[in-house]
Amino acid sequence: MTLTLEKPAPKPAASAPRRREGRRITSIGAFGEPMLWLTGGALAIALFMIVGLLALVVHQGTSTFWPPEVWRVDTVDGRKFLGEVAATDTYRPEPSALDKLPVEQRPRAAEFVALSEGNSTREMLRTGNFDVSGTHFTWISDFEVLQRSMPEWSVVVERLSWGRFYGEPREFRIGDEVIGRTPGAAWARFQEHHEACLERHAEVEHLETHEIGAVNDEIEEARLALRRLELEKGRASPEYAAAEAATEQQEVEMRERFAEIESEIRALNEENARYVLVMATADGQTAELPAAEIVRAYPANQLAWSERLAVYFSRWGEFLTDAPREANSEGGVFPAIFGTVVMTLLMSVLVVPFGVLAALYLREYAKQGLIVSGVRIAVNNLAGVPSIVFGVFGLGFFCYIVGASIDDLLYAEKLPNPTFGRGGLMWASFTLALLTLPVVIVATEEALSAVPSSMREGSYACGATKWQTIWRIVLPRAMPGVMTGMILAIARGAGEVAPLMLVGAVKLAPELPVEIGSAFPFVSFHPERSFMHLGFHIYDLGFQSQNSEAAKPMVFTTTLLLIALIIVLNVTAIWVRGRLRRKFQAGHF
Amino acid sequence: MSPQSFTGRGRRRQTRRGVLIAERVARILISIGGLGTILAVSLILAFLLWVVAPLFRGADFEDGGSRVLAASSAGESTPIAAGVDEYQVIAWALGADGVVRAWRLDTGELLREERPFGDVRPTSVSLPLDDGRYAVGFEDGRVRLVHFAFLTEFLDPARDVELAKKLENLERATWNGGVVQHTPEGQYRSQSLVLEVGEAVDIGARSSLLAVDAVLGGGTTRVFAYESAGALRIAEVERKENVFTGELTESVAIHEVRWSPRSDGVAPARVLVGGAGDRLFVSWRDGVTRRYDARDVENVVPVEEVDLVDGEGTLEAAAFLIGRGTLVTGDSRGRMRAWFGTKPENARTADGETFVRTHDILEKGAAIRWISSSARGRSVVSGAADGTISVAYVTSDKELFSSRVEGASGIDAVLLTPKDDGLVAISAGRIASWKVDLLHPEATLAALFRPVWYEGYPEPEHVWQSSSGTDDFEAKLGLWPLVFGTIKATFYSMLFGVPLALLAAIYTSEFLHPRLRTPLKSTVEIMASLPSVVLGFLAAIVFAPFVQGVLPQVLATFVCVPLALLFGARLWSLLPSKKYVQWSGTQRFAAIGLTIPLGVALAWWIGPLAERVMFAGNLEKWLHGGFGSAFGGWFLLLIPAAALVFAFFSSRVIDPWWRSKQRGWTRDTAGRNELLRFVMATGFVFALAAFAAFGLDTAGFDARGGVLDTYVQRNAMIVGFVMGFAIVPIVYTLAEDALTSVPGHLRLASLGAGATPWQTAMRVVIPTAMSGLFSAVMVGLGRAVGETMIVLMATGNTPVMSWNVFDGFRTLSANIAVELPEAVKNDTHYRTLFLAALCLFAMTFVLNTVAEVVRQRFRKRAYQL
């Protein structure tokens, strides 16, 4: 039986252009799908970038302080390393890379590399021990590795100077007496006495900064008073001679006090120097670590999960409350946080009143016309001027002209050392206030113009004066906008670094600009001092560190902190704006 | 009290006093505060202008008058060397008769006069050495090293009653053969000339030394001398001080230079030593000069011959600038020109260096008699035969001062004082002095913005190199490399950021579900407030090393991701209509979102493949140049061009035909055909690009060396990408605002007429919002121009002018941030940096004003709709 396929009824001529009545189909091209996908793709790319960036920072920032295990790696050419794995990467070793190995090992290594198609994985081990080995990090490729292990007693030591130490405790000595000869015993003894050593060290620091600092301050003040007298009365005057004699007498007393304090310090240091933890590195060298130099130590491979968490949180605590060590690559960023907060506070105190005043003037009091429009355009543009220009202005005008004049008038005795004639907290706040002023003015103006004129007119109709209207009707309703503007300005000011590079942020500030002392007045404010700033800290850590690999994790953590700060500010702005908007929602006519 | 009120209660009809006062006070305070704030903000521009203005002011010269120089017993003689002390109180001159005289500068009183050389006459004198000494050649063929030093002592008038009487009410007085000044600080400072004459050194010459010059090198002084008998000698004089006995020993090593005199037998007029003694110039009066390579004193070889007057006139005066690299010559035609050695690529000399004329400083009428250069900078002063003196700065060819001294018999000697704060001219027994403040001769508009021929460079170039370690450094303040860097950064960041932001804004305002818009806006606001220091840090420390490791993959991503999106769009169109409509919201966006990682994965796979095929296995090495064909580079660059060409061609030729065909298709057929067409188009574009690349490669053109060149880790591509990321939020927010403020009824009308959302967007919304989009782009541009931190951290901060996209650069803003903290207040460098800040300010101000004006007009127009 043949199966014949019936030819379907021929369709009306398909090649001739058909005229269809009624239904018109939109052609596919009209939907513009490709372009649509491109635009959507652009949005998706932007979102991926933001999310990816934040995720990267959060991931790197939060994992910095987690204490990982310590590995011991023995290489084929007999070297031994002990350290934490800081990074891994894959690369194609050049043939000459194998020349480092002893001749008999080369064929095996070459085979190893050939097995993985010419690629090799290498790890960067943080081996520390800079005082012994001369490096902080070591790269080890997989073809160099003989064996790996996690020794039970490898201890990670964070020190006051020279960075980290990785090793095994050998013995613990007090003076000449050895009281712990096994790793376990040495570690236990060390734990017993460590607290006391740290307390003594803290006492020494207190004596050095506060007591000796006080003595030095008194000597300096006396010298300055003498110089002031010299400038006023002249060298040859009798008052000067009398003052000079008095100063000399005072200096003798000061030196006695100085010697007393010094002997106290010496005693404490000598006592501390008796407690020594002797540790051995992976390749057998020994190092003596005074217990007072050890900030934190833990046996990395013996920690339970909860103990690791404890170390993690303690490091975070140190990060947020301590001063930096080791050229900013270890320790904390408290001075930077403090500097950023104080400067931002000072800046907002300056910017908000003046910004609101200027916006009120422009919107309410000035006669609207060409000039005011011109001024408005100018203010708008200033919001877009690069921040570095403001920094230049701050340095040239505030520091070198206004600051120098203040120095000549009030601090002549300290010259040629500038007091206000160089960058400091005050000038930085002024500069940033000027920078964020246009933002506040623009935001406030927008907010003021959003208040419907019907409300103003109603108020006037009830007999209120202009000021009463502004104070009771307009400003409250403009508050959401003003607050938003203020918080956005603060967020911007907290993140600007370029002008601060010129007017006062420094790599390491010896003292905080606000000091809390024990004598009255309890809080002393020094706006002429340089300060540390989180953003500048990031720049400095990333680019001007001696040990940039060790500083990299710290930079991520600082970045995380800065981003968190700014996000908190932004979210607060959005929340406040929402709250206030709802509050006044009903108030429209 | 109103008797007519209903309740009988009265009411005040006057405003309370307090309210009126508050009103007045508020008005005053607000006006002052407001005006003050606005003024403070305009202070910035005024201050910048105030600091920059002195850059272009000429130097200050204050005439101090002229006096007769007291005649001496021995009669007049023309000076062959002269000098002034740093406090400008004493002037000395060594005459051709061998007499050294010192005068008080302000009165012309003769302080000292002596014959330190006995009866021997000096026949020639060298240019001043670095330590201020001169080598003097005598008629007996010997050389002496003479130091015209000044002894500064502080005296106590209390101990010397006579001195006190003399100085009673005067600022200065002659005392003990010197001058004592009462300084503003209240000290009595005495200056006197001290002559330290070295032992006569026998250099083996028996006739008078007609020309001599010397250089200092370590402890050795190298003296080059020509004697009238025709021999040219080099003597190395070494003074050693025995540490134990304090005994000074002088040892002399003499080398004779093998040289051939000129055929016409004329003796050379001058011997000049350049550099540290490695270049010897023997110069005749008619301008012909021979340069010798004197690096090896035992074997001095002639290298080239130059005519310093170009055949016209005679060479009258010559002096080296500080550092002895540049020779300034003055001739009888009144021309003062500068010459130095350059190393051009096609040099035909033995040592690869050619001595070229590089600056034409002056051309005055009268013959130049005397040239002397500053000991601190690159200024020269010349004295002419008609009594004119001119002070000029060599690098910028700027004449700073010109004057005529009376007594027109010509200038005998003219010089700048050691601290460049005074000018002294001796002429016909008179001395004239000026107080000088050179201000900022290095910075003229031409020197800042046009190519300048700096010492040692083969040709005039734009260079920015503002400081270095040595004193004789020539500050190179060319702003063009920095402006070029700014433009490069802006260009690449706009290239990455603007399309991304605009397209994203279009999608958000036209196709995104309104509910998603608010969280999206907040996310983008957060992105906007990310400090740029964070972005810069990530760019430099994370992205740059990463990109360097996966460069082929990254370059492939630029091609693969758009391709994947377009392909995905075609695939999506294949959906049945019902699903297509149902899924046109979130699901489509999710699909778009998924396509991107797929595109990246594709790029990751293609990258190494392409590297192996087109770039000989190593892209970085290929970029460095020297091997591999140029095909790959051209192919990469031509893909976008080919795509554009094809799009144009297809819209003109293929589309009408396609559209006519489309009427006969069902939706499914159309979808499949579109997909096919896309695949074929892609293939065609690649083929076109490959063909063109092949053609260019065969024709011998290579993209390397221009836009593609050696790969530097921190380069323009990285910066463009990260800075693009930084400006995306700004442009996005403003563009989105512009698009959403297009009145809704326009959209609705378009949709009601049957247009698809895309057609509405393309033909109705975007044209209406065009000015808003334009102003958004301008604001983004302004931000990109002024960005500092990202550029500071993610470029190499090298001020080079190269088109290479893989090269570093330095922008105006980063330059200011790096150099201003170190600049000395109010000096040229400081003011030039302020000029850079002013340029930035002007650029962003103009851009923002244009954007603002456009935006205001757009608003007005939109409201009219």
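The values are calculated or read from the model by the stated rules, or taken from the named source; none is laboratory data. Just so it is clear, the model here is predicted, and its values are computed rather than measured. Please note: Cβ atoms are built from the backbone with ideal geometry, for glycine as well, and neighbour counts cover all protein chains shown. Surface accessibility is based on the protein's heavy atoms, side chains included, excluding ligands, DNA and RNA. Shrake-Rupley method; radii C 1.70, N 1.55, O 1.52, S 1.80 Å.
In plain terms, the chain from B:Glu822 to B:Arg295 could stretch by 186.0 nm, reckoned as 0.36 nm per residue minus the Cα-Cα distance.
Rounded to the nearest 10 degrees, the angle from helix B:828-864 to the longest Cα principal axis of chain B is 20 degrees. The distance linking region B:218-242 with region B:569-598 is 90 Å (Cα centroid to Cα centroid, whole angstrom).
Within a straight-line Cα-Cα reach of under 29 Å, B:Lys364 can be paired with the following lysines, leaving aside sequence neighbours fewer than 8 residues apart in one chain: B:Lys398, B:Lys419, B:Lys435, B:Lys476.
Excluding ligands, DNA and RNA, the accessible surface per residue across region A:65-177 is 50 Å² with a 1.4 Å probe. Taking the C-alpha atoms only, the angle from helix B:766-786 to the longest principal axis of chain B is near 30 degrees.
Taking a Cβ cut-off of under 15 Å around B:Gly628, the surrounding Lys, Arg, Asp and Glu residues balance to a net charge of -2, with basic ones at +1 and acidic ones at -1. Residues within the reach of a label modelled at B:Arg376 (point 7 angstrom out along Cα to beta-carbon, backbone nitrogen below 14 Å), restricted to region B:474-502: there are none. Applying a DSSP loop filter and a limit of 16 other Cβ atoms within 10 Å to the trypsin sites (Lys or Arg not before Pro) in region B:640-688 leaves B:Arg663.
Annotation for the B:A interface, with buried accessible surface near 8500 Å², both sides summed [1.4 Å probe; non-protein components not counted].
Counting other Cβ atoms within 10 Å, which chymotrypsin sites (Phe, Trp or Tyr not before Pro) in region A:477-560 have at most 10 and lie in a DSSP loop? In loop regions of region A:477-560 (DSSP not H, G, I, E or B), the sparsely surrounded chymotrypsin sites (Phe, Trp or Tyr not before Pro) are A:Phe522.
Roughly what % of DSSP beta bridges within chain A run antiparallel, to the nearest 5?
Values: 48 of 49 bridges.
Roughly 100 percent of the DSSP beta bridges within chain A come out antiparallel.
Amide H contacts for A:Thr127 (H built 1.01 Å from N in the peptide plane; partners 5 or more residues away or on another chain; cut-off under 5 Å): A:Phe137, A:Thr138.
Under the simplified labelling scheme, the B:Ser468-B:Lys166 pair shows an inter-label distance of 4.7 nm, with each label point 7 Å from Cα along Cα→Cβ.
The length gained on full extension between B:Arg159 and B:Arg404, counted as 0.36 nm times the residue separation minus their Cα-Cα distance, comes to 83.7 nm. Cα gyration tensor of region A:237-378, axes a ≥ b ≥ c as square roots of the eigenvalues: rounded (a/c below 1.5), prolate (a/b > b/c) or oblate? Oblate.
For the pair B:Val800 and A:Glu446, what calculated FRET efficiency results from E = 1/(1 + (r/R0)^6), where r is the Cβ-Cβ distance and R0 = 30 Å, to the nearest 0.05?
Calculated value: 0.10.
Amide H contacts of B:Val301 (H built 1.01 Å from N, in plane; Pro and chain starts excluded): B:Asp293 sit under 5 Å, all sequence-distant by 5 or more or on other chains.
Tell me, which residues of region A:390-411 get at least 20 Å² less accessible area when the other protein chains come in, versus the chain alone (1.4 Å probe)? The answer is A:Val392, A:Phe393, A:Leu395, A:Gly396, A:Phe397, A:Tyr400, A:Ile401 - residues whose exposure falls by at least 20 Å² when every protein chain is included.
For the protein assembly as shown, which whole-number percentage of the solvent-accessible area (1.4 Å probe, protein heavy atoms only) is attributable to carbon and sulfur atoms? Looking at the protein assembly as shown in its full context, I get 58 percent from C and S. Judged by the gyration tensor of its Cα atoms, with axes a ≥ b ≥ c, chain B is oblate; a/c meets the 1.5 cut and b/c is at least as large as a/b.
Select from region A:120-208 those GluC sites (Glu not before Pro) which occupy a DSSP coil region and have at most 15 other Cβ atoms within 10 Å, ordered by residue number.
Filter output for region A:120-208: A:Glu152.
Note: relative contact order over chain B, using C-alpha pairs below 8 Å and six or more positions apart, is 9 percent. Could you pull out every one of the lysines with an alpha carbon less than 27 Å from that of B:Lys579, ignoring same-chain neighbours closer than 8 positions? Excluding near neighbours in sequence, the set is B:Lys661. Using a simple spin-label model with pseudo-atoms 7 Å out from Cα toward Cβ, A:Gln546 and B:His745 lie 7.4 nm apart.
Exceedance of the 30 Å cut-off in Cα-Cα distance is limited, within the set A:Lys367/B:Lys825; A:Lys583/B:Lys521; B:Lys521/B:Lys860; A:Lys100/A:Lys507; A:Lys507/B:Lys621; A:Lys414/B:Lys165, to A:Lys367/B:Lys825; A:Lys100/A:Lys507; A:Lys507/B:Lys621; A:Lys414/B:Lys165.
Rounded to the nearest 500, the 222 nm mean residue ellipticity of chain A from helices alone is -18000 deg cm²/dmol, with -39,500 (n - 2.57) taken per DSSP H run of at least 4 residues. From the alpha carbon centroid of region B:16-95 to that of region B:600-668 is 63 Å.
Cβ-Cβ distance of B:Phe684 and B:Met762, R₀ of 25 Å, FRET efficiency by 1/(1 + (r/R0)^6): the value works out to about 0.50.
With R₀ set to 51 Å, the beta-carbon distance separating B:Gln582 from A:Glu152 gives a calculated FRET efficiency near 0.25.
For B:Lys578, the aspartates and glutamates whose Cα comes closer than 17 Å to its Cα, not counting residues fewer than 8 places off in the same chain, are A:Glu33, B:Asp668.
Residues of chain A were split at every exposed loop site, defined as trypsin sites (Lys or Arg not before Pro) in a DSSP loop with at most 13 other C-beta atoms within 10 angstrom, and the longest piece left, sites excluded, is A:368-589. With 0.36 nm allotted per residue and the present C-alpha distance subtracted, the B:Ala267-B:Ala350 stretch has 27.3 nm of extension available. Annotation for region B:792-811 versus region A:370-434: alpha-carbon center distance of 30 Å. Distance between the pseudo-spin-label points of B:Arg450 and A:Ala55 (7 Å out from Cα toward the beta carbon): 5.7 nm.
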